[in-house]
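Q: Below: one structure in structure tokens.
A short reminder: the numbers here are calculations on the coordinates, not readings from a lab. Quantities reported herein were computed from a predicted structural model and do not represent experimental measurements. Don't worry about glycine lacking a Cβ; one is built from the backbone with ideal geometry, like all the others, and counts go over all protein chains shown.
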Amino acid sequence: MAARAPPRLRAYPLALFFLPVALLGVLAGAAPIRGDLRRVVEVEGEPRSVVWAVQLSDLHLSAFHPERAADFRRHVGGALAMVNPSLVLITGDLTDAKSKDLLSSRQEKSEWLEYEELIDEVVGLSGLNKEIFYDLRGNHDSYGVPEVGGMFDFYEKHSINARLGRTGNVQSITLQNSGWKHLFVGFDSAASIGLRSPANVFGQPTDQLLVELDAALSQWDNYSSTSAVTKVTFGHFPMSFSSSTTSGGSLRDVFLKHALSAYLCGHLHTNFGRNLKRHHRSDRNHLSAKQYYQTNMHEGTSTSIGSNNCSTTTESVAEFWEWEMGDWRSARSMRILAIDSGHVSYTDIDFRFGSMDVIIVPTFPLDSRFMQRLSTPHDLNCQANSTSHFGMVRTLVFSKYKIIAVSVKIYDSFSGSHHLVLEKDMEMTSGEGARGAMYTVPWNWKAYVDESPDRYWLQIEAKDLTGKIYYSQLRPFSVNGLTAKVRWTWKEFRVMGCQWGQLYQPIMWSTLAFLCLLILIPRTLLMLYENHMLKCRSSKTAAGSSGRHLLISFEYFAAELSKMYSVWSGMLIYLLYLVFFPWFAGNAVTENHNKMYLYYKGWSTSNLANLSTAAPYIGLPDVMVIVLPHLLFVVLPAFLIIAAIAANRAAYLVHISHKAKKDDDHYEERKCIHHVWIFRCFRRFLILLCLPIAWRHWKHCRAIVRAYEANPFMDAPIYCFGVPLLVCLAIYRASAI
């Protein structure tokens with residue numbers, strides 16, 4: 001690796017600070033947002049037209065897991081010194097704020113003191129300027145924080161942003177290098193009133209935050225310069241866990257408006273999978289199902305629209321990539337993001353198996369699975385012949401030791417296996433004193449134009465002074481801009497593809513509607529067909545066709561539930577209670593505040609008049625993590641089992657009535673005894689099915705009691721005991737079988 005460069009970030013003189021800010025407000029058409037310093041930093045030195053940043057996320061420093069901080073101290077400082085980035089972004093969940101059993105949450109000052117000490121130590125080990133570090137608030141950092149800047153808000157005391165005076169919810173910094181502008185905009189969308197876990201999993205952007213984001217991303221739009229601008233945003237919450245504002249606005253709309261290159265986030269962790277990436281594009285159909293879910297990673301395919309129009313006024317494609325990076329908590333992940341002449345790429349580093357001596361970050365060509373944009377065909381037609389960028393394979397190589405050889409290998413997978421078709425040595429283009437080592441090699445890129453987006457695969461090989469050989473991850477590329485499709489696993493789709501903020505209400509109301517129908521239809525049938533069913537019960541054979549006989553039988557068995565009046569009325573009253581009354585009460589913010597009441601539409605704020613909110617409820621859609629599991633995994637299966645118990649009882653009564661009329665037939669008597677045994681076995685089977693429901697319900701109640709210090713008898717009697725009592729009552733009423 002080239003010799004370490006001297007400090008390379010040259011901020012503009014303080015005396016001229018107010019003049020550029022004022023000019024930016026005029027040129028960009030938007031005044032600077034309070035707390036957003038809008039820093040502009042010149043990134044000096046080679047390689048030209050290239051900058052790179054490091055992202056870390058979800059540190060979850062915990063008093064119960066000291067190994068997280070120890071590993072961070074052991075690996076990250078040295079890695080940053082080797083990579084020498086222009087920015088270090090820490091995207092939320094800096095501390096854990098959870099108990100040892102993970103059931104309760106509160107801010108621990110000791111964890112924040114450890115974080116402050118750890119970051120200062122890592123900054124010192126890296127040799128970097130602390131001002132290039134940006135750390136954001138995550139949902140764990142707001143657990144039990146009733147107000148921003150209050151006594152329990154340790155983020156405002158111990159984070160880097162707070163200690164450097166970055167007080168706003170939006171922070172931006174522009175890195176300039178060789179005529180390119182690279183705009184990074186970070187934002188804090190954590191709820192202003194931090195609820196305790198588990199009902200604090202969504203980002204809660206406000207209309208004001210969207211205005212500030214739009215202004216920050218627009219600051220270079222009207223700048224009279226020919227320099228290109230690459231826009232990257234970073235935050236904690238992915239789009240699937242970011243709610244809409246009160247006016248219906250969304251972060252996604254703002255990002256599409258500005259055609260971001262990428263949105264960097266955390267929150268989900270690698271426990272859900274490694275392919276937590278998502279491509280977004282604008283959809284003019286407002287009634288599209290994509291407002292609720294996206295079935296695969298790529299929302300669109302590469303298009304040739306406008307690809308032949310190389311005018312500078314050509315409207316850009318409204319799109320952006322969303323890249324969730326994983327976590328430090330369990331995966332020990334670090335990401336290096338590189339921007340090479342506007343092409344954005346990344347490489348993820350895994351420190352679970354120790355420190356890295358060499359890190360390879362290919363910057364061109366891009367990975368056709370996770371980095372290709374819809375505008376790539378346009379770039380191919382308009383830039384390939386006018387610039388030398390497409391004619392070079394480019395990679396950054398960071399190393400503790402001197403690198404003596406770097407080569408590129410390209411494989412053809414057309415036959416089903418990888419066959420080497422190109423191997424060339426690369427040359428270092430950055431000289432002494434460079435920020436990092438850039439290696440390039442010319443290639444005939446037109447030879448790799450193919451209709452398949454994953455036919456050709458790229459790998460970089462590096463050899464250091466000790467003779468050890470290192471490889472980059474093998475990845476497909478498509479120089480003509482085609483996208484290699486990658487499908488999510490079920491777990492990945494569940495957390496990245498579903499817009500839970502939009503899905504919560506439809507899922508909840510459809511479940512409640514089904515449960516109401518399950519209760520009301522039998523009663524309606526009993527009222528409409530009672531006389532007819534009595535005739536069918538008294539007759540030996542059912543009149544009418546076989547289809548009519550089946551319909552009458554269904555009506556009879558379904559109506560049996562409403563005949564168990566105490567059970568039926570209890571089920572109806574329980575559903576009405578869930579809709580109109582609070583489910584339970586608990587300490588939703590901190591133990592020092594009055595208890596709040598949870599409804600399906602959020603936590604009631606009637607007892608919290610001292611907090612700065614005018615909304616009658618807070619925590620929507622976060623409460624879905626309590627509401628939906630209870631409805632889908634407790635109430636729904638329990639009610640279905642109760643209905644099945646009633647139907648089994650009805651069938652048994654019909655069978656007994658037939659048996660009474662055939663007492664003189666010994667063969668029929670033996671047959672009836674056998675059927676009675678079947679009815680009793682089925683009843684026992686239904687009772688057995690209640691056990692996993694009871695176990696799930698007990699876990700839910702235990703979690704609620706621990707999380708919000710709720711007394712199950714005083715604060716949550718209906719929630720904790722309503723369903724078990726209904727099931728027991730149904731079993732008792734059907735005990736005659």
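Q: When the chain is fully extended, how far beyond the present Cα-Cα distance does residue 156 get from residue 681, taking 0.36 nm per residue of separation? Write down the numbers at each step before the final one.
A: On the way: separation 525, 0.36 × 525 = 189.00 nm, distance 6.23 nm.
Length gained between residue 156 and residue 681: 182.8 nm.
Q: Another question, then. Tabulate in residue order the Karplus-calculated ³J(HN,Hα) for segment 165-176, using 6.51 cos²θ - 1.76 cosθ + 1.60 with θ = phi - 60°, rounded to whole Hz; enter x for Gly and Pro.
A: x, 8, 8, x, 7, 10, 10, 9, 9, 10, 9, 10
Q: While we're on this one: How far apart, in nm, are two points set 7 Å out from the Cα along the Cα-to-Cβ line at residue 207 and at residue 282?
A: If labels sit at residue 207 and residue 282, their model points lie 2.3 nm apart.
Q: Something else: What residues from segment 387-416 fall in the zone where the backbone N is under 16 Å from a label point 7 Å along the Cα-to-C-beta line of residue 471?
A: Counting only backbone N, you get 406-413.
Q: OK, next. Take the Cβ-Cβ distance between residue 121 and residue 167 as r, set R0 to 41 Å, and report the resulting FRET efficiency rounded to the nearest 0.05.
A: Efficiency at R0 = 41 Å is approximately 0.95.
Q: Right, something else. Quick one: if you stick a label point 7 Å off each Cα along the C-beta vector at residue 732 and residue 423, how many nm between them?
A: It works out to 8.0 nm between the two label points.
Q: Using 1/(1 + (r/R0)^6) with R0 = 30 angstrom and r between the beta carbons of residue 702 and residue 110, what's the FRET efficiency to the nearest 0.05?
A: Working: r = 26 Å, r/R0 = 0.88.
The computed FRET efficiency comes out at 0.70.
Q: Rounded to whole Hz and in sequence order, give me ³J(HN,Hα) for segment 322-335 from the Karplus expression 6.51 cos²θ - 1.76 cosθ + 1.60, θ = phi - 60°, writing x for Gly and Pro.
A: Result, rounded to whole Hz: 10, 10, 7, 9, x, 8, 7, 3, 10, 8, 6, 9, 9, 10.
Q: Put a dot 7 Å past each Cα toward the Cβ at residue 147 and residue 352; how far apart are the dots in nm?
A: Result for the modelled spin labels: 4.4 nm.
Q: Sticking with this structure for a sec: Each residue of segment 241-255 in order: what ³J(HN,Hα) in whole Hz does its phi give by Karplus 6.51 cos²θ - 1.76 cosθ + 1.60, θ = phi - 60°, with x for Gly and Pro?
A: Coupling constants for segment 241-255: 10, 10, 7, 7, 7, 5, 8, x, x, 8, 4, 4, 5, 5, 5 Hz.
Q: Between residue 606 and residue 577, what FRET efficiency follows from the Cβ-Cβ distance if R0 is 22 Å, with the result rounded to 0.05?
A: FRET efficiency, residue 606 to residue 577: 0.75.
Q: For residue 430, list long-range residues whose amide hydrogen, built 1.01 Å from N in the peptide plane, is under 5 Å from its own amide hydrogen.
A: 438
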